[in-house]
Amino acid sequence: MERLGQLIGWLESNRNSGYVKKMARFAIRTDCAFGIPIPLLRTKARETGKDHALALALWQTGMHEARLLATMIADPLQVDPQMMDAWTKDFDSWDLCDQCCSNLFRYSGLAYTKIQEYASDEREFVRRTAFVLVATLAVSDKSASDETFAAFLPLIVEYAMDPRNFVKKAVDWALRQIGKRNMVLNALATDTASRLAESVDPTARWIGRDAKRELTSEKVLSFIQTHRSKRPEDGNR
């Protein structure tokens, strides 16, 4: 595929060993990395445009930035369960997981159906995917009901005791983003955080305290009241 060769050539020409070292300091796998910052990849993605076949080919290379670029040019309407499962299985760094969820999976129409499945998976980055999806959907899906996100709170409690760093931080992120949607969900998420903060489990306790600190802060409460308050006519959106 000519376009694939051109993009691999572009990745090679932009190789940055100094940035690779920076990536390693942030716990990103670098054995197949070129060291190209996300903003530069986004610029290239805009130039390339949506090309699902090309995205699939980029993913198959196994190269870190090629896969990041693939998440940016893939067509979310063409993501099927088999592709979503296969890509999720391949996640080997938190940034690849987060970028794929943010750039692609949350727009695919499959995100909500996969959260429970991925949360119950023991693999670290698969489980992380579930909670990154909750976090990113909480930000982007403005039409979802409060009940939709309130239903994820028991899932957060269930997996709040997973001590693995990339799971723990995703669970915390999901709880905080739910609580920042509006005042109704803030109250529910804060209550969940308060209960976790009293847990005997150190991971759950850390998540609870961290989330509660943010969700009860003057800055967050002021933001919600100013920008995300519901009007009566809005209904339960």
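The values are calculated or read from the model by the stated rules, or taken from the named source; none is laboratory data. Here the structure is a predicted model, which is why all the values come from computation and not from measurement. Glycine also receives a Cβ, built like all others from the backbone with ideal geometry; neighbour counts cover every protein chain displayed. Calculation scope for accessible area: heavy atoms of the full protein, side chains included, ligands and nucleic acids excluded. Shrake-Rupley method; radii C 1.70, N 1.55, O 1.52, S 1.80 Å.
Starting from residues that are among the hydrophobic types (A, V, I, L, M, F, W, C) and more than 13 Å from TRP59 (Cβ to Cβ), keep the ones in the stretch 84-104 and report whichever is surrounded by the fewest Cβ atoms within 10 Å (Cβ to Cβ).
Checking each candidate, the answer is TRP94.
Looking only at helices (runs of 4 or more DSSP H) that fall completely inside the stretch 19-80, which ones have 3 or more residues that are of a type outside the set (A, V, I, L, M, F, W, C) and surrounded by fewer than 20 Cβ atoms within 10 Å (Cβ to Cβ)?
Once the helices (runs of 4 or more DSSP H) in the stretch 19-80 are filtered for at least 3 residues that are of a type outside the set (A, V, I, L, M, F, W, C) and surrounded by fewer than 20 Cβ atoms within 10 Å (Cβ to Cβ), what remains is 38-48.
From ALA187, ALA144, which residue is more than 20 Å from the chain's Cα centre (by Cα) and among the small types (Gly, Ala, Ser)?
One residue alone meets the criteria, ALA187.
Please find, within the stretch 1-52, the residue that is nearest to VAL79 (Cα to Cα) out of those that are without any contact (Cβ under 8 Å) to a residue 12 or more places away in the chain and among the small types (Gly, Ala, Ser).
GLY5
Taking ASP92, is it acidic (Asp, Glu) and not in a helix (DSSP H, G or I)?
yes
A quick yes/no check of all residues on (1) open to solvent by less than 80 Å² (accessible area, probe 1.4 Å); (2) modelled with pLDDT under 95; (3) under 19 Å from ASP141 (Cα atoms):
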site	(1), (2), (3)
ALA187	yes, no, no
SER199	yes, no, no
LYS219	no, no, no
PHE223	no, yes, yes
